[in-house]
Amino acid sequence: MRALVTGAAGQVAKAWIAAAPPTWTVTALSRLELDIGDEAAVQAAVERARPDVVLNAAAFTAVDLAESDADAAWRVNRDGAGHLARAAAHLGARMVQLSTDFVFDGLSGEPYAPGATTAPLNVYGASKLGGETAVLEAAPGALIVRTAWVYSGHGANFLTRMLGLMAKGGEVRVVCDQIGCPTSAATLAAALWRLIGREARGVMHFTDAGVASWYDFAQAIGEEAFALGLLRGQPKVLPISARDLPTAARRPAFSVLDKTLTWAILEGPPRHWRAALRDVLATMNSGAG
Ligand SMILES: NC(=O)c1ccc[n+]([C@@H]2O[C@H](COP(=O)([O-])OP(=O)(O)OC[C@H]3O[C@@H](n4cnc5c(N)ncnc54)[C@H](OP(=O)(O)O)[C@@H]3O)[C@@H](O)[C@H]2O)c1
């Protein structure tokens with residue numbers, strides 16, 4: 001079987017490529033090799049690779065920058081996703097699109113089901129929602145997986161940023177009134193392969209199990225990294241309100257996703273986010289991450 005993945009230098013794409021089952025051949029195209037906003041280039045790349053599955057892991061993910069560069073965000077997150085879905089559908093390939101908890105406004109007190117009302121608070125979320133619509137219009141059998149708070153041991157993400165700050169010593173102030181689900185790129189990648197194997201379609205939610213604030217996540221990073229010897233001292237993490245950390249983009253205060261449907265297909269929940277975090281840190285500690 002053949003797969004094509006876009007945004008191949010990103011953290012989710014890298015984890016997905018690393019987790020590819022041996023029976024799959026993956027063509028991995030980074031932004032430099034394929035700009036998904038270029039429709040003709042997308043068509044040519046998909047025709048060349050003749051994939052059975054296309055995973056779109058490319059996205060404009062700079063949430064705050066998207067507020068001032070909305071055209072760029074829409075071009076990649078909506079238009080690029082649509083170009084890929086059309087090219088995939090034309091060849092009879094299955095389209096898999098990644099989306100985000102930021103399609104919700106965070107005002108709910110309970111986890112968001114895939115069919116819950118969407119109401120993005122920022123340009124990034126709106127453009128990703130536009131991507132979902134564009135994909136489903138072009139390829140009604142597509143699989144759309146919304147995920148959240150993704151991190152890995154390399155690249156720029158919350159884990160690597162926190163470790164950098166904590167290594168400098170001193171206090172680290174982290175928002176305690178935004179609640180979500182930290183998700184390891186590795187667990188997400190494994191789940192995506194299993195969903196593909198089960199020919200899942202429609203909108204699904206996947207994150208690691210459990211719930212946390214950014215403060216809880218940072219505190220756990222500090223404790224686990226110190227225990228593993230990745231940090232010389234136990235860092236001091238202080239909770240602050242999102243009000244005290246103004247950002248260009250508004251973010252949902254509560255974006256826990258309801259994963260009941262996905263977990264039924266996967267025959268059980270993934271591990272708790274803290275266990276997944278421990279694994280990622282252990283891999284970094286061994287030098288393999
Ligand atoms: N990270 C999270 O917390 C999170 C949460 C929910 C959903 N998601 C979704 O998960 C998916 C993967 O995200 P990620 O965490 O792996 O993000 P990432 O590490 O930022 O990777 C995204 C990749 O897309 C590339 N890209 C940007 N514009 C492109 C274009 N026009 N054509 C082709 N590639 C382009 C980027 O390249 P450059 O770096 O060179 O620009 C980058 O390598 C995205 O759909 C994202 O919306 C992520």
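The values are calculated or read from the model by the stated rules, or taken from the named source; none is laboratory data. Computed from a predicted structure; not experimentally measured. Please note: Cβ atoms are built from the backbone with ideal geometry, for glycine as well, and neighbour counts cover all protein chains shown.
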Matching option when the condition is of a type outside the set (Phe, Trp, Tyr) and surrounded by fewer than 18 Cβ atoms within 10 Å (Cβ to Cβ), among ASP216, ASP258 | ASP258
Residue satisfying all of: in segment 191-207; touching a Pro at 6+ places or on another chain (Cβ under 7 Å) and closer than 11 Å to PRO114 by Cβ; surrounded by the fewest Cβ atoms within 10 Å (Cβ to Cβ) among these = VAL203
Hey, any hits in segment 217-231 for a residue that's on the phi > 0 side of the Ramachandran plot and touching a helix residue (DSSP H, G or I) at 6+ places or on another chain (Cβ under 9 Å)?
-> yes
List every residue pair whose Cβ atoms sit under 8 Å apart, with the two residues 6 or more apart in sequence or on different chains, where the first one lies in segment 61-86 and is among the polar types (S, T, N, Q) and the second, anywhere, is part of a helix (DSSP H, G or I) and surrounded by 23 or more Cβ atoms within 10 Å (Cβ to Cβ).
-> THR61/TYR124; ASN77/TYR124; ASN77/SER127; ASN77/LYS128; ASN77/GLY131
Note: among PRO252, PRO239, just one is modelled with pLDDT of 95 or more and under 20 Å from THR61 (Cβ atoms), namely PRO252
The residue that is farthest from the ligand (Cβ to nearest atom), considering only those in segment 67-76 that are of a type in the set (A, V, I, L, M, F, W, C) and within 9 Å of SER127 (Cα to Cα), is ALA70
Where residues in segment 119-141 are under 19 Å from ARG201 (Cα atoms) and not aliphatic (A, V, I, L, M), which of them is surrounded by the most Cβ atoms within 10 Å (Cβ to Cβ)?
-> LYS128
Which of the residues belonging to segment 155-196 are part of a strand (DSSP E or B) and among the charged types (D, E, K, R)?
-> GLU171, ARG173
Return the total of residues in segment 1-34 being of a type in the set (Lys, Arg) and either in contact (Cβ under 8 Å) with a residue 40 or more places away in the chain or surrounded by fewer than 15 Cβ atoms within 10 Å (Cβ to Cβ) (or both).
-> 2
Mind checking whether some residue in segment 207-225 is within 19 Å of the chain's Cα centre (by Cα), modelled with pLDDT of 95 or more and within 22 Å of ALA20 (Cβ to Cβ)?
-> yes
